[in-house]
Amino acid sequence: MSEQIRQGSSRVDGPLVKVCGLRRPEDVALCEELGVDWTGFIFYPPSPRNVSPDHVAALPRGRAARVGVFVLQTAEEVREIMDQADLDLAQLHGGQDRRFCEKVGPERVVKVFWPLRYPNLADLERDMGAFASSCRAVLLDAGTAVGGHGVSLDFPSLARLTFPRPWLLAGGLSPDNIQEALGRCRPWGVDLNSGVEEAPGRKSSVLLRKVMERIKAMPSELSKSKSKSKS
């Protein structure tokens, strides 16, 4: 397992950066060039960014850890796809329970939560806490199910949360709002997708370079989140 998975972000002066919804070899190569920490691949047939395990296995492999996004598969299918596609982590986007996470392997799981499902922050913190021993990290996404909504969460409210594990922020992040998100939420990591695309599954080199420049321009202390546990 790669060093950035064991220790968190490979850079010491900013958040971990994940780029998701990758399909093209040139986009994967650009992520490597720009120092992206995690590259993400979606295994969800209804998504326009869906890929097959064989497709991902054939993509160039660099230093970035590789993350599979799963919604409908069984735990056994997730493990099989991870082996076939040469993945490091499984991002569980289908409301999977703790037993599911344990079958995949807690050290390999990024568990997704949707704040808009909850009437208050205390209930969200309670549910995240219940998964503290069943995942490596948690991810907060917009909407109330699956992902790819292209909208952002309420950044100030997230700043009031205490997280049991390192956490990533997703949902409509782009060059236009990335610095606000980092300044207000201080996430351990950010998950970029539609906000750096020219079309679904086609990343924009201009937008991706711009968002990385703006992330790197942020003071390092603004990306540190509250967490009860170490990464």
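The values are calculated or read from the model by the stated rules, or taken from the named source; none is laboratory data. All figures in this text were calculated on a predicted structure; none of them were measured in a lab. Every residue, glycine as well, gets a Cβ built from its backbone with ideal geometry; the counts of neighbours run over all protein chains shown.
Details
- Segment 189-209, residues that are without any contact (Cβ under 8 Å) to a residue 12 or more places away in the chain and charged (D, E, K, R): 198
- With respect to the conditions (1) more than 24 Å from residue 59 (Cα to Cα); (2) under 17 Å from the mean Cα position of the chain (by Cα); (3) among the small types (Gly, Ala, Ser), residue 122 lacks only one, and its number is (2).
- Residues of segment 194-231 classified as in a strand (DSSP E or B), modelled with pLDDT of 95 or more and either within 30 Å of residue 129 (Cα to Cα) or touching a Lys or Arg at 6+ places or on another chain (Cβ under 8 Å) (or both), total: 3
- Whichever residue in segment 41-83 is surrounded by 19 or more Cβ atoms within 10 Å (Cβ to Cβ), of a type in the set (A, V, I, L, M) and farther than 16 Å from residue 104 by Cβ and, among such residues, is nearest to the chain's Cα centre (by Cα): 42
- Scanning segment 1-54 for residues that are acidic (Asp, Glu) and either at pLDDT 95 or above or not in a helix (DSSP H, G or I) (or both) gives 13, 26, 27, 32, 33, 37, 54.
- Here the strands (runs of 3 or more DSSP E) wholly within segment 55-122 that include at least 1 residues being closer than 23 Å to residue 162 by Cα are 89-92, 109-113.
- Residues located in segment 84-101, provided they are farther than 17 Å from residue 111 by Cα and more than 18 Å from the chain's Cα centre (by Cα): 84
- Of everything listed in (1) surrounded by fewer than 19 Cβ atoms within 10 Å (Cβ to Cβ); (2) over 22 Å from residue 216 (Cα atoms), the single unmet condition for residue 23 is (1).
- Some residue of segment 112-119 being surrounded by fewer than 21 Cβ atoms within 10 Å (Cβ to Cβ) and more than 24 Å from residue 20 (Cα to Cα): yes
- Matching residues in segment 88-121 - criterion: being in contact with a helix residue (DSSP H, G or I) (Cβ under 8 Å, 6 or more places away or on another chain) and of a type in the set (A, V, I, L, M): 89, 90, 92, 104, 109, 121
- For segment 127-173, filtered to residues that are surrounded by fewer than 17 Cβ atoms within 10 Å (Cβ to Cβ) and among the aliphatic types (A, V, I, L, M), the residue that is modelled with the lowest pLDDT is 145.
- Options 191, 176: the member that is under 25 Å from residue 47 (Cβ atoms), charged (D, E, K, R), in a loop (DSSP other than H, G, I, E, B) and modelled with pLDDT of 95 or more: 176
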